[in-house]
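In what follows, a structure is listed as structure tokens, so that the remarks can point back to it.
The values are calculated or read from the model by the stated rules, or taken from the named source; none is laboratory data. Because the structure is a prediction, the values reported are computed rather than measured. Positions of Cβ are backbone-derived with ideal geometry, glycine not excepted, and every protein chain shown enters the neighbour counts. SASA here: full protein model, heavy atoms, side chains in, ligands and nucleic acids out. Shrake-Rupley method; radii C 1.70, N 1.55, O 1.52, S 1.80 Å.
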Amino acid sequence: MNGQRVLNHVPWTLADAVGRLRRRELSSVELTRAYLDRIDRFDGRLGAYVTRLDDDALAAADTADRALDAGGRGRLLGVPIAIKDIIATREANTWSNSEVDRPEWTARRDAQAVARLRSAGAVILGKLTTNEYALGGPDPGKRFPVPHNPWNVGRTAGGSSSGSAIAVAAGLCAGALGTDTGGSVRVPCAFNGVTGLLPTFGRVPADGVVPLAWSMDRVGPMARTAQDCAVLTDVLTAAPAGTERPSTYDLTGLRVGIVNATLATTDTDPAAVAAMDTAGAVLAGRGAQVSAVTLPRYDQTVAAAVLSLFGEAFDAHRDLLADHWGEYGRETRLALVRGAFVSAADYTRAQRVRALVQRELADVFARVDVLIMPTVTIGAPERAGLFESDVLRHVHTFYWNAVSNPVLAAPGGFTAERMPIGLQFVAAPFQDDLLLAVGQAFQSMSDHHLAVPAEVAV
């Protein structure tokens with residue numbers, strides 16, 4: 001396929017892109033150019049990309065086309081992917097949206113997760129904007145883009161993987177990598193209407209990722225569908241070639257627990273409650289047994305996660321803070337110094353709570369196979385600093401960062417203002433494949449994940 005064509009639109013799912021490339025209905029160069037064209041057209045308003053790698057991407061796409069013409073079948077061969085800018089890549093420095101230059105963090109090299117994408121044939125389009133060090137909020141006074149929600153540019157795009165979620169939602173890449181320490185894959189997925197996986201802790205290597213909290217940081221895929229995330233997960237976890245996934249979605253006998261009664265507040269958006277009810281009914285319609293479940297020690301566990309995050313983040317940054325205080329953004333400084341007030345006794349108690357809850361959750365998952373709960377019980381609010389706003393009490397992600405369980409974030413519906421609402425599907429540790437299969441079953445019976453923001457639908 002050497003002729004030059006201009007694609008009128010890009011495939012909206014990664015799986016579709018893989019299929020069309022393998023059937024040679026389009027070339028990787030054509031697909032890569034189409035994404036670069038969309039970035040030209042839309043990213044000035046959205047702020048998803050902090051670094052573009054156009055020339056490197058087109059060269060990689062040309063190499064992929066030669067391999068495809070020769071019968072190559074890499075899982076991601078020729079597929080354009082983008083990377084959150086706290087995950088190292090060899091073509092560009094990793095700035096983490098910060099003016100602070102720590103050479104071992106900004107150095108040009110491939111994180112292990114990126115190396116696995118390349119080995120599968122992925123084309124790296126560029127680096128995606130984040131909050132400073134995955135912690136502070138967007139700062140218009142810095143040289144980095146401010147992310148904007150494609151469903152409404154006046155609304156927040158969520159946490160630190162906001163650039164990844166925007167790029168997927170707006171069709172600026174086929175899939176993306178994000179990271180999640182307190183909800184930074186799942187909240188942007190909820191606010192931007194895309195799908196993402198928080199894998200079992202340790203399943204995806206975090207080597208080459210700028211640290212936030214060493215005992216909680218996880219790298220996860222973000223894409224339009226659970227099927228897309230499954231493809232990316234197989235690559236990121238180095239699953240054996242030929243791994244089979246179900247093509248039918250009979251859920252007979254699956255035990256599903258609905259967690260919502262203790263999470264709703266008086267100002268919970270009705271759409272969040274409706275999304276929970278609908279998800280339970282949809283899965284029950286495919287044979288699942290649905291019951292109500294209460295999570296053990298919810299408030300204690302959230303507190304343990306927050307204490308651990310701030311304590312470990314301060315440990316990672318305290319030497320730099322002393323020498324580069326003014327180079328950190330205001331919100332980042334305020335967040336990091338909270339860790340200075342976490343005592344050894346506080347931190348130790350938090351780890352005891354985390355271990356206890358992990359054991360108690362084993363009892364929960366002896367009774368159910370999958371839990372469903374809200375991600376955030378409101379749609380995306382107006383842009384505000386996450387730690388200074390009233391948003392956090394609606395966010396229900398921190399609990400799962402305290403333990404090792406995998407969590408799939410998936411679109412569940414829309415508010416009356418046409419802003420996406422997200423759900424979390426949770427399984428026992430190392431049951432990621434079950435979770436992805438349930439997500440695919442749910443999405444085979446719904447279409448929220450296929451909705452595209454009107455501004456970028458052309």
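Details
- Solvent-accessible area of ASP40, all protein chains in place: 100 Å² (probe radius 1.4 Å, heavy atoms, ligands and nucleic acids excluded).
- Computed from the C-beta positions of ARG41 and ARG20 and an R0 of 30 Å, the FRET efficiency is 0.90 to the nearest 0.05.
- With at most 13 neighbouring Cβ atoms within 10 Å, loop GluC sites (Glu not before Pro) (DSSP) excluded, longest segment of the chain: 26-243
- For a label point 7 Å along the Cα-to-beta-carbon line of TRP325, residues of segment 339-375 with backbone N under 16 Å: 339-341
- Note on ASP250 and ARG108: their simple-model spin labels are 5.5 nm apart, each label 7 Å out from Cα toward Cβ.
- Which of HIS317, HIS448 is most accessible, then next, and so on - probe 1.4 Å: HIS448, HIS317
- Accessible surface, per residue, of the chain when the full set of protein chains is kept, probe 1.4 Å, Å²: 37 Å²
- Other residues with beta-carbon under 11 Å from the beta-carbon of TRP12 carry, at +1 per Lys or Arg and -1 per Asp or Glu, a net charge of -1.
- Local net charge near ALA134, Cβ-Cβ under 13 Å (Lys/Arg +1, Asp/Glu -1): -4
- Within-11-Å neighbourhood charge of GLY175 [Cβ basis; K, R +1; D, E -1]: 0
- Cα gyration tensor, segment 99-226 - rounded (a/c under 1.5), prolate or oblate: rounded
- Shape of segment 19-110, Cα gyration tensor, a/c cut at 1.5: oblate
- Loop-located trypsin sites (Lys or Arg not before Pro) in segment 381-451, at most 14 other Cβ atoms within 10 Å (DSSP): ARG418
- Gain in span if fully extended, GLU382 to ASP346, counting 0.36 nm per residue against the direct Cα distance: 9.6 nm
- Percent accessible area from carbon and sulfur atoms, the chain, protein chains only, probe 1.4 Å: 51 percent
- Other-chain or far-sequence residues with amide H under 5 Å of VAL123's (modelled H): GLY78, VAL79, ILE81
- Dipole in debye (nearest 20) - the chain, about Cα centre, beta carbon charges: Lys, Arg +1; Asp, Glu -1: 540 debye
- Rounded to the nearest whole Hz, the Karplus-based 3J(HN,Hα) values (6.51 cos²θ - 1.76 cosθ + 1.60, θ = phi - 60°) of segment 416-426 follow the sequence 4, 8, 6, 10, x, 10, x, 10, 10, 10, 10, with x at glycine and proline.
- Mean separation of Cα contacts under 8 Å, 6 or more apart, over the residue count of segment 120-207: relative contact order %: 23 percent
- Loop trypsin sites (Lys or Arg not before Pro), segment 26-68 (other Cβ atoms within 10 Å of the site Cβ: 14 or fewer; DSSP): none
- Loop-resident sites, segment 107-154, for trypsin sites (Lys or Arg not before Pro), counting at most 10 other Cβ within 10 Å (DSSP): ARG143
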